[in-house]
Amino acid sequence: MPAEVAKLQQRLDGEILVYAGYTLVRTLIEHDLADELRLVVFPVVLGSGQRLFGGTTDRKPLRRLGTRTFGEGLAFVRYEVVRPS
């Protein structure tokens, strides 16, 4: 699947958005195919569930691009994936 996503990135001009697919997001991050993460953080602690970043094998530095709150305390946070120069 990473090879197909890389081909799609080459063909398309614009953004590819992934909604609520932590397995796919983990794979994209692991294969350096994600440029930016846009997360909505809900003000609820569940105590269980899947970790979004639990499946990566290497450190992936992020730079916060912005944060805003809306609704009943939801936070929208944008991160850029920092690649070595």
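The values are calculated or read from the model by the stated rules, or taken from the named source; none is laboratory data. Every value quoted in this text rests on a predicted model; they were computed, and no experiment measured them. FYI the Cβ positions are ideal-geometry reconstructions off the backbone, even for glycines, and counts take in every protein chain you see.
Worth pointing out:
- Test: residue in region 38-58 that is touching a residue at least 40 places away in the same chain (Cβ under 8 Å) and either out of contact with any Asp or Glu (no Cβ under 7 Å at 6 or more places or on another chain) or among the hydrophobic types (A, V, I, L, M, F, W, C) (or both): yes
- Single residue of region 32-85 satisfying the filter (touching a strand residue (DSSP E or B) at 6+ places or on another chain (Cβ under 8 Å) and of a type in the set (Gly, Ala, Ser)) that is farthest from Tyr19 (Cα to Cα): Gly66
- Residues in region 1-50 that are surrounded by 10 or more Cβ atoms within 10 Å (Cβ to Cβ) and of a type in the set (Gly, Ala, Ser) were compared, and the one that is farthest from the chain's Cα centre (by Cα) is Ala6.
- Within region 18-71, the residues that satisfy the criterion of being more than 17 Å from Val82 (Cα to Cα), part of a loop (DSSP other than H, G, I, E, B) and either of a type in the set (D, E, K, R) or touching a Lys or Arg at 6+ places or on another chain (Cβ under 8 Å) (or both) are Arg51, Leu52, Gly54, Gly55.
- Of all the listed residues (Glu4, Glu15), the sole one being at pLDDT 80 or above, over 18 Å from Arg64 (Cα atoms) and not in a helix (DSSP H, G or I) is Glu15.
- Residue check: Tyr79 meets all listed conditions (1) surrounded by 10 or more Cβ atoms within 10 Å (Cβ to Cβ); (2) among the aromatic types (Phe, Trp, Tyr); (3) part of a loop (DSSP other than H, G, I, E, B) but one, namely (3).
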